[in-house]
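The values are calculated or read from the model by the stated rules, or taken from the named source; none is laboratory data. Every value quoted in this text rests on a predicted model; they were computed, and no experiment measured them. Heads up, the Cβs are rebuilt from the backbone with ideal geometry, glycines too, and the neighbour counts pull from every protein chain shown.
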Amino acid sequence: MGSKNKLKRFKENETFKNVIQPDRDEVLKGGCDLKGNWAKHFGNDKPIVLELGCGKGEYTLGLAEQNPEKNFIGVDIKGARFWKGAKDALGRGLENVAFLRTQIEMIHLLFDKGEVSEIWITFPDPQIKYKRTKHRLTNNVFLQKYKYILKEQGLVNLKTDSEFMHGYTLGLLHGLGCEVLYANHDVYKNEGSPKEVLEIQTFYENQYLEEGKPITYIQFRIT
């Protein structure tokens, strides 16, 4: 994507009512007004669901359309990517969708304790190299941040084409004594996966399927 297109999308994001772009320095100083007040942003107290690393926002929109009784927030640092999701949500009249531009490392500074009901992590970079472990979205540091913002029985969903990420996460969860509710190495060949896993597919997921890659899924609670 050219720099002009990126700048154009950044400008448009500033006009979208469903895009929130907090100042990093203010957030680090505890200056996020929305923390603990996300119900005010949506104008209701419906359960809040996050998609972390939402990319273009395809999964966020798909979940929101299937579950109008919940509010969905796509989280990503790359605003030029989720621009499309934000624009599509407005065009479809989806009032239960928002996009938050921030680093996922700061998620515990943007949501209060127990403010989130569920988290989706869809096709994250597996960060296979050992020195990249700290950036892996299911490492223990991230899990503790998720635990803080999740309600007591809050769910985490991991959907990925990476067998490495799937195995790494399962091993870590078992080691930590977390509650694994469901795990599947190939959701389209084995029965039992939730409809949200089977019925919502991103552009890249379709590419993975065409390449013959199995899509894996884990649902768990952080205990």
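Take residue 40 and decide whether it is in a helix (DSSP H, G or I), surrounded by fewer than 19 Cβ atoms within 10 Å (Cβ to Cβ), without any contact (Cβ under 8 Å) to a residue 12 or more places away in the chain and of a type outside the set (A, V, I, L, M, F, W, C).
Judged against the criteria, residue 40 is a match.
Got at least one residue in segment 69-87 being modelled with pLDDT of 95 or more, in contact with a Gly (Cβ under 6 Å, 6 or more places away or on another chain) and assigned to a helix (DSSP H, G or I)?
Checked segment 69-87: at least one residue is modelled with pLDDT of 95 or more, in contact with a Gly (Cβ under 6 Å, 6 or more places away or on another chain) and assigned to a helix (DSSP H, G or I).
Are any residues in segment 140-165 among the polar types (S, T, N, Q) and farther than 18 Å from residue 183 by Cβ, and if so, which ones?
Matches in segment 140-165: 140, 144, 153.
Looking at (1) at pLDDT 95 or above; (2) surrounded by 17 or more Cβ atoms within 10 Å (Cβ to Cβ), which one does residue 92 not meet, given that it meets all the others?
(2)
Scan segment 110-144 residue by residue and report those that are surrounded by fewer than 18 Cβ atoms within 10 Å (Cβ to Cβ) and touching a helix residue (DSSP H, G or I) at 6+ places or on another chain (Cβ under 8 Å).
112, 113, 114, 125, 128, 134, 139, 140, 141
Among the residues of segment 150-199, which ones are aliphatic (A, V, I, L, M), in contact with a helix residue (DSSP H, G or I) (Cβ under 9 Å, 6 or more places away or on another chain) and touching a residue at least 60 places away in the same chain (Cβ under 8 Å)?
Passing the criteria: 156, 158.
Pick out the one residue from 78, 35 that is within 14 Å of the chain's Cα centre (by Cα), surrounded by fewer than 21 Cβ atoms within 10 Å (Cβ to Cβ) and among the basic types (Lys, Arg).
So the residue among 78, 35 that is within 14 Å of the chain's Cα centre (by Cα), surrounded by fewer than 21 Cβ atoms within 10 Å (Cβ to Cβ) and among the basic types (Lys, Arg) is 78.
Show the residue pairs that are 6+ apart or on different chains and have beta-carbon atoms under 6 Å apart, the first residue being within segment 52-72 and acidic (Asp, Glu), the second being surrounded by fewer than 21 Cβ atoms within 10 Å (Cβ to Cβ).
As it stands, the answer is 58/202, since those pairs meet every condition given.
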